[in-house]
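Novice: Structure incoming, see below.
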Amino acid sequence: MYAEASTCSYSRRQTTGATARGTVFHVKRLRRPARRALLVVHVAVSVSWLGLTIGLLVLGITAYTTRSAATVDAAYGAMKIFGDWLIIPVALLALLTGLVLSLSTPWGLARHRTATDSTLTALPQGWCALSLVHGRIEAHIERALQTRHDLSVREYSLLDVLSRQHNGPGGHMRMHQVADSVVLSQSATTRLVSRLEDRGLLSRYLCDTDRRGIYTDVTEAGLTLLAQARPTNDTALRQALDEAAKDPDLAPLVTAVETMKAPTPTA
């Protein structure tokens, strides 16, 4: 169930241990001034090889398209010089300097190293694991709610949030507070409320003290459906968390979920 999350943690362990293994085809490491000079030579000869190759191509095109015999002779003469005396030596020098540079590094020729080390990859690897756990748990709950109660996770969350309102001061939530609680935009929350209102699960009415404010309450039918769906949600959540806890890399995330409290919606 959590194979992808395990892959993330496995990649992190592999990255962490990469520097501990022996280097293949490793030679004595060059000092920084020598390595810098060799790098300059390597770049220079590589660019020269590219320039010679382009020049050879231009000469070939010129010889093919011109009608002047003298130009053709001159182009082929220059191409012979390029091919016999310049391109091959420059290409070999670029190859040689590249090999020396790679062999003189700590990780050698036959093994690559990623651009980021283990301290930098820990954060995205952790986020990867957290995202996968959340996605898998939500999918598990979604299947259970849809199968038994014809509710999505968002619909259940909206009913659950609105059912906790009361008639005292500050007991009713405005739309932006509801949207924050179900982690949706205000427009998406409005559409979700309309859909549940069409099913008779929610009702909307104007605020008595602020005619511009619209409050949303759960109907009796909505409360009944919520009461039926809550055990299903809780059981599915418990099953998904228990499955995730079997992976040692995900167990701390499960513990954090079990001890975390939902934030209070902002006014």
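The values are calculated or read from the model by the stated rules, or taken from the named source; none is laboratory data. Note that the coordinates shown come from a computational prediction; the quantities given were computed from them, not determined experimentally. Here the Cβ positions follow ideal geometry from the backbone for every residue, glycine too, while neighbour counts run over all protein chains shown. What goes into the accessible areas is simple: the full protein's heavy atoms, side chains included, and nothing from ligands, DNA or RNA. Shrake-Rupley method; radii C 1.70, N 1.55, O 1.52, S 1.80 Å.
Novice: Report the FRET efficiency, 1/(1 + (r/R0)^6), for Arg148 and Lys261, where r is their Cβ-Cβ distance and R0 is 30 Å, rounded to 0.05.
Specialist: 0.65
Novice: Between Val43 and Asp242, what is the spin-label point distance in nm, taking each point 7 Å from the Cα along the Cα→C-beta axis?
Specialist: The answer from the label model is 6.1 nm.
Novice: Related question: Treat each spin label as a single point 7 Å out from the Cα along the C-beta direction, and report the Asn167 to Arg31 distance in nm.
Specialist: Modelled inter-label distance: 8.7 nm.
Novice: Here's another thing I want to ask about it. What number comes out for accessible area per residue over the stretch 131-225 if the probe is 1.4 Å? Units Å², please.
Specialist: Ligands and nucleic acids excluded, the result is 56 Å² per residue.
Novice: While we're looking at this one, here's another question. Carbon and sulfur atoms: what percent of the 1.4 Å accessible area of the stretch 136-197 do they account for?
Specialist: The computed percentage sits at 48.
Novice: What nm distance separates the two modelled labels at Trp127 and Ile81, each placed 7 Å from Cα along Cα→Cβ?
Specialist: Between Trp127 and Ile81, the label points sit 5.6 nm apart.
Novice: Calculate, in nm to one decimal, what Ile61 and Arg195 gain on full extension: separation in residues at 0.36 nm each, minus their alpha carbon distance. Intermediate results must be reported in sequence, preceding the final value.
Specialist: Details: separation 134, 0.36 × 134 = 48.24 nm, distance 6.87 nm.
Fully extending the segment from Ile61 to Arg195 adds 41.4 nm.
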